[in-house]
Amino acid sequence: MNIVKTIAEVREQVKAWKKEGLSVGLVPTMGYLHEGHQSLIERAVKENDRVVVSDFVNPTQFAPNEDLESYPRDLERDAALCEKAGADLIFHPEPEEMYAKDACTFVDMRALTKNLCGKTRPIHFSGVCTVVSKLFLIVNPDRAYFGEKDAQQLAVIRRMVRDLNFDIEIVGCPIIREEDGLAKSSRNTYLTKELREAAPVLHKALEEGKQMVLEGERSAEKVRETIKKRIEAEPLAKIDYVEIVDFETIEPIETIKGSVLAAVAVYFGKTRLIDNFILTDI
Ligand code: PAF
């Protein structure tokens, strides 16, 4: 497995693979990889001849008050995980390689990005869409893999691929959890022991809501209230949002039907964790 830092090196390698008729999968990441990323890489390895993992903490998706500087980084550990999972190439650029000093072209989405995480992180999805477009243009993959934990991101990327005619299959992969139900996240490492013990309330609350829907409840407000109350009962949890939206449009719904996303973002201390469930064909 190779680690390269320049766009030119990635292009040269992918061109050589494509010349041989090999298919290429891309797993975009911001590094500090965990079992969630590993599952994406393993899926990509199964479905493609060659797999590229991008490992880049993208500055344009962080607001000035967010955790860009402190976001955890460990390339050596990432490389070991990628190698074990069967990846062929890590693309690990410096920010200057990805963004010219006077870069002024961004990919903006006018719907899907205003609710949920877009409400409190107004520039976030512009940064995500821009960097993912750039990675698509650099790597030219046949398929790209994204986790369902960032469900709004997955919906946004699918819409961007449709709207901008990227000829790339987007594969969404299920959330990987700790034994107590907490969704795996690079940000879990910020949690103190006390906060870590409180955090599984997210999964428990969502499971309760999901069960209500599976048992026939169709009022989004009733399900939302149940999830919210369960989280509020945990004194260390401070809710950013609890929402039930249409999974395609990311617009709030009154009645649960079709493809539905129940999503939560909650602060534990300064750490903001997200989790969700998705139900389709309701
Ligand atoms: O999900 C992430 O880690 C990032 O948002 C992504 C897709 C790698 C873009 O920087």
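The numbers here are math on the coordinates, done by the rules we state, and not lab data. Not measured: the values here are computed from a predicted model. For neighbour counting, all protein chains shown are included, and Cβ atoms are generated from backbone atoms with ideal geometry for every residue, glycine included.
Output the Kirkwood hydrodynamic radius of segment 138-228, Cα pairs only, in Å rounded to one decimal.
In segment 138-228 this quantity evaluates to 15.7 Å.
Which of the GluC sites (Glu not before Pro) found in segment 217-282 are in a DSSP loop and have at most 12 neighbouring Cβ atoms, other than their own, within 10 Å?
Values: sites: 217, 221, 225, 232, 243, 248, 254; in loops: 217, 248, 254.
Filter output for segment 217-282: 254.
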* Scaled to the compact-protein estimate 2.2 N^0.38 Å, what is the alpha-carbon radius of gyration of the chain, rounded to two decimal places? -> 1.01
* Using the alpha carbon gyration tensor of segment 155-208, what are the three equivalent-ellipsoid semi-axes (square root of 5 times each eigenvalue), largest first, in whole Å? -> 32, 13, 9
* Asked: From the backbone phi of segment 22-32, what are the Karplus-calculated ³J(HN,Hα) couplings (6.51 cos²θ - 1.76 cosθ + 1.60, θ = phi - 60°) in whole Hz, Gly and Pro given as x?
  -> 8, 8, 10, x, 10, 10, x, 9, 9, x, 6
* In deg cm²/dmol and to the nearest 500, what is the mean residue ellipticity at 222 nm of the chain if only DSSP H runs of at least 4 residues count, each as -39500 (n - 2.57), divided by the residue total? -> -11500 deg cm²/dmol
* Asked: For 173, 129, what's the fewest-to-most ordering of other Cβ within 10 Å of each Cβ?
  -> 173, 129
* Using only the alpha-carbon atoms of segment 50-163, report the extent along each of the three principal axes, biggest first, to the nearest angstrom. => 38, 31, 28
* For residue 275, list long-range residues whose amide hydrogen, built 1.01 Å from N in the peptide plane, is under 5 Å from its own amide hydrogen. => 264
* Which whole-Hz couplings ³J(HN,Hα) result when phi for each residue of segment 61-72 is put into the Karplus expression 6.51 cos²θ - 1.76 cosθ + 1.60, θ = phi - 60°, listed in order with x for Gly and Pro? -> 9, 10, 6, x, 8, 9, 9, 4, 5, 8, 4, x
* Structure fact -> Relative contact order as a percentage, segment 27-71, C-alpha pairs under 8 Å and 6+ apart, gives 45 percent
* To do: Of the DSSP beta bridges with both residues in the chain, give the percent that are antiparallel, rounding to the nearest 5.
  => 50 percent
* To do: Show which lysines lie in cross-link reach of residue 5 when reach means a straight Cα distance below 21 angstrom and same-chain residues fewer than eight apart are skipped.
  => 15, 18, 84, 101, 134
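More than 17 angstrom separation, counting every C-alpha pair in segment 207-282; what % is that? Walk me through the intermediate numbers first.
On the way: 1127 of 2850 pairs.
In whole percent, the share of Cα-Cα pairs in segment 207-282 beyond 17 Å is 40.
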